[in-house]
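Quick notes on the structure that follows.
The values are calculated or read from the model by the stated rules, or taken from the named source; none is laboratory data. Values in this document were obtained by computation on a predicted structure and should not be read as measured data. Methodologically, a virtual Cβ is constructed for each residue, glycine included, from the backbone with ideal geometry; neighbour enumeration extends over all protein chains shown. Areas reflect the complete protein model, heavy atoms only, side chains present, ligands, DNA and RNA absent. Shrake-Rupley method; radii C 1.70, N 1.55, O 1.52, S 1.80 Å.
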Amino acid sequence: MTTVSVDLGRLLGAVSPRLYSGPGSVISELLQNSQRAGAGRVEMTVCRGDKWDDVRWVELRDDGCGLSDPSALLDVARSDWGALDDDEDEPFGMGFWSTAAVADLVVVESRRWRVRVDALRLRSALSLDGVVEVSEGPEGDEVPGFRVRLSGSGDAWRESALLFESAFRDLVRYMPFESAASRSWDCVGLFSV
C-alpha cells in the first residue's frame with residue numbers, strides 16, 4: 001500500500017483565492033449558511049483597538065437552527081443542507097474554509113459545540129493535527145444559533161477586516177432576514193479569543 005500525503009496549507013492557499021475573491025465572498029458564504037439555517041436575525045460586530053483600522057476581531061452571529069454536528073462544518077466537499085439546496089445556490093462544503101483564507105484564528109460556537117481553527121497554522125500545515133480543536137460543552141450551556149469569530153493580525157488581515165462590515169451591509173439588503181445589524185466598538189483592554 002502506498003501512503004499519500006497532502007499539503008493542506010498549500011491546497012488551501014491554491015484553492016481559496018480562486019473560489020473566494022476576498023472578504024465579501026467570505027461574508028457571503030457565512031450569510032448563505034445563516035439563510036439556509038433559517039435565521040431571522042443576523043448581526044455583525046467589529047471590535048477595534050486603539051485606531052480605527054486596528055480591527056481585533058469580527059463576529060457574525062445568527063439565530064438559525066445551529067450546528068448539530070461539527071463534522072458537517074469541517075468536512076471538505078460535504079454539504080448537509082440537503083433539501084434546502086436549490087439550483088441557484090449549490091452548497092459544496094467549502095464555504096466555512098474560506099474563513100481560513102482571511103483570518104488567523106476562527107472560532108465557531110453553536111449549540112454545545114465549539115470549534116477552533118488555527119488558520120495561520122493551517123496555511124503552513126501538512127495535516128490537521130493541532131490545527132482544529134472541537135469541544136462539547138456541558139448540557140444546558142448552549143449557544144443559540146451560530147456564532148463565528150474571525151481574528152488576525154498584519155496588513156492582510158487589516159485590509160480584509162476593514163471590508164467585512166461594508167460587505168455585510170451590502171449583502172444583507174438582498175437576503176430575506178427579518179433584521180440585520182452591524183456595530184463597531186472599541187475593545188481596547190477586553191479579552192478576546
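General observations
- Among (1) modelled with pLDDT of 75 or more; (2) open to solvent by less than 80 Å² (accessible area, probe 1.4 Å), the one test that Gly93 misses: (1)
- Neighbours by Cβ (under 6 Å, 6+ apart or cross-chain): first from region 43-60, in contact (Cβ under 8 Å) with a residue 40 or more places away in the chain and among the charged types (D, E, K, R); second open to solvent by less than 10 Å² (accessible area, probe 1.4 Å) and not in a strand (DSSP E or B): Arg56/Gly49; Arg56/Cys187
- Here Ala39 fits the description: in a loop (DSSP other than H, G, I, E, B), under 28 Å from Pro176 (Cβ atoms) and modelled with pLDDT of 85 or more.
- Glu178, sole failed condition from (1) closer than 13 Å to Glu59 by Cα; (2) surrounded by fewer than 17 Cβ atoms within 10 Å (Cβ to Cβ): (1)
- One residue alone among Arg121, Arg169, Arg149 is over 14 Å from the mean Cα position of the chain (by Cα), closer than 17 Å to Val58 by Cβ and not small (Gly, Ala, Ser), and that residue is Arg169.
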